[in-house]
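Structure provided below as structure tokens; questions to follow.
The values are calculated or read from the model by the stated rules, or taken from the named source; none is laboratory data. Just so we're clear, the structure is a prediction, and the values are computed from it rather than from any experiment. Every residue, glycine as well, gets a Cβ built from its backbone with ideal geometry; the counts of neighbours run over all protein chains shown.
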Amino acid sequence: MTSNTIDILWLTIGAFTILIGLTFLGEVLRTRQEPDTNNPVLETYMTRVQSWWAMVAFIGIAMLTGKIGVTILFAFASFAALREFLTLTTKAQADHMSLALAFFVVLPLQYIFVALEWTGLYAVFIPVYAFLMLPIVSAMRGDANRFLIRVAETQWGLMIAVFCVSHVPALMNLDIAGYGDRAILLVTFLVMVVQLGDLLEYFFGRRIGRTKIAPGLSPKTWEGVACGVISAMLIGALLSWITPFGVWGAMGMAGIASIVGMFGNLVFAAIKRDRGVKDWSHLIPGQGGFVDQLDSVVFAAPIFYHLTRYFWVV
């Protein structure tokens with residue numbers, strides 16, 4: 001058993017331990033409620049924690065299978081997220097070919113480039129080549145009705161659901177001096193600090209939050225965000241041993257990833273409000289669909305990737 005495998009096992013055990021603590025906290029709060037009363041915020045929190053049990057198990061298994069398993073997991077997540085996103089967008093028959101290319105050519109090629117470590121290609125393939133190619137395919141069908149909206153929504157879907165998400169497995173391609181083949185652990189670090197920070201932001205925001213950031217869009221509060229970011233930084237410090245950042249660097253990277261992810265969540269809230277939906281889908285109990293689950297990671301992943309590459313890659 002390699003040192004990476006042992007570390008991943010310890011991380012999985014640690015994640016389950018945290019979930020046990022969060023579950024225990026929720027059950028304690030339940031016992032303090034008046035009999036025959038129901039607290040929607042608490043119940044939503046508990047449902048999210050319960051869903052996380054399954055997600056931690058899936059992520060842990062993927063991590064144990066190595067680079068291929070992680071890449072396949074996030075490619076599947078991108079496919080599901082892109083499907084959810086484009087379901088709510090404006091489309092016409094003239095877009096059928098470009099949509100097929102997006103799902104069955106652009107998406108798999110992006111992840112193939114990541115798996116092959118072709119940095120020069122996966123860094124520009126979607127925002128340059130796909131963005132130029134797909135509008136041409138749609139334009140050749142001769143339908144100009146709402147053309148700009150249709151094209152822009154497809155491009156935005158590819159950007160967030162495929163390009164940004166693919167930067168999570170791309171972390172495994174970073175060659176960091178003295179870090180060896182442990183870059184796969186950066187995937188765990190990013191997902192844990194962002195998602196646990198997001199979960200704790202939700203909890204504290206509903207418990208002590210008073211000042212809403214964007215009242216017309218989301219119940220997210222400045223107090224909740226502050227508590228979530230601080231929590232993410234503390235989790236980052238605890239996980240610093242799996243990173244090349246050191247304790248203070250890990251706290252800083254966790255804080256940046258967390259705050260970017262939380263404001264990414266706000267952007268997705270605006271999109272959902274515009275479309276008149278509460279969740280992107282109902283695939284994951286208590287947490288909507290893949291877009292709902294990935295919204296924080298979507299914004300955090302490319303920022304985290306480029307900061308790591310700029311400051312720590314040789």
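Tell me which residues, restricted to segment 54-93, are closer than 20 Å to TYR129 by Cα and aliphatic (A, V, I, L, M).
Filtering segment 54-93 for residues closer than 20 Å to TYR129 by Cα gives 75, 78-79, 82, 86.
The answer is ALA75, LEU82, LEU86.
Which one of the conditions (1) closer than 30 Å to THR5 by Cβ; (2) of a type in the set (Gly, Ala, Ser); (3) not in a helix (DSSP H, G or I) does GLY216 fail to meet, given that it meets all the rest?
Answer for GLY216: the failing condition is (1).
For (1) surrounded by fewer than 19 Cβ atoms within 10 Å (Cβ to Cβ); (2) among the β-branched types (Val, Ile, Thr); (3) at pLDDT 75 or above, each residue gets a yes or a no:
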| residue | (1), (2), (3) |
| --- | --- |
| ALA254 | no, no, yes |
| ALA257 | no, no, yes |
| ASN265 | no, no, yes |
| VAL277 | yes, yes, no |
| VAL297 | no, yes, yes |
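Residues to consider are VAL194, VAL247; find the one that is farther than 24 Å from ARG48 by Cα and hydrophobic (A, V, I, L, M, F, W, C).
Values: VAL194 fails: farther than 24 Å from ARG48 by Cα.
Testing whether each residue is farther than 24 Å from ARG48 by Cα and hydrophobic (A, V, I, L, M, F, W, C) leaves just VAL247.
Go through segment 219-237 and give me each residue that's surrounded by 21 or more Cβ atoms within 10 Å (Cβ to Cβ) and in a loop (DSSP other than H, G, I, E, B).
LYS220
Only one residue in THR188, THR154 is within 24 Å of LEU88 (Cα to Cα) and buried (at least 22 other Cβ atoms within 10 Å of the Cβ), so which one is that? Quick ask: steps written out before the conclusion?
Values: THR188 fails: within 24 Å of LEU88 (Cα to Cα).
Result: THR154 is the single residue among THR188, THR154 that is within 24 Å of LEU88 (Cα to Cα) and buried (at least 22 other Cβ atoms within 10 Å of the Cβ).
In segment 162-182, which residues are surrounded by 22 or more Cβ atoms within 10 Å (Cβ to Cβ) and out of contact with any Lys or Arg (no Cβ under 8 Å at 6 or more places or on another chain)? Steps first, answer last, please.
Taking segment 162-182 first, the residues surrounded by 22 or more Cβ atoms within 10 Å (Cβ to Cβ) are 162-171.
Of everything in segment 162-182, those that are surrounded by 22 or more Cβ atoms within 10 Å (Cβ to Cβ) and out of contact with any Lys or Arg (no Cβ under 8 Å at 6 or more places or on another chain) turn out to be VAL162, PHE163, CYS164, VAL165, SER166, HIS167, VAL168, ALA170, LEU171.
Looking only at segment 248-270, how many residues end up being aliphatic (A, V, I, L, M) and either within 23 Å of MET172 (Cβ to Cβ) or in a loop (DSSP other than H, G, I, E, B) (or both)?
First, the residues of segment 248-270 that are aliphatic (A, V, I, L, M): 250-251, 253-254, 256-257, 259-260, 262, 266-267, 269-270.
From the residues that got through so far, the ones that are either within 23 Å of MET172 (Cβ to Cβ) or in a loop (DSSP other than H, G, I, E, B) (or both) too are 250-251, 253-254, 256-257, 260.
So the answer is 7.
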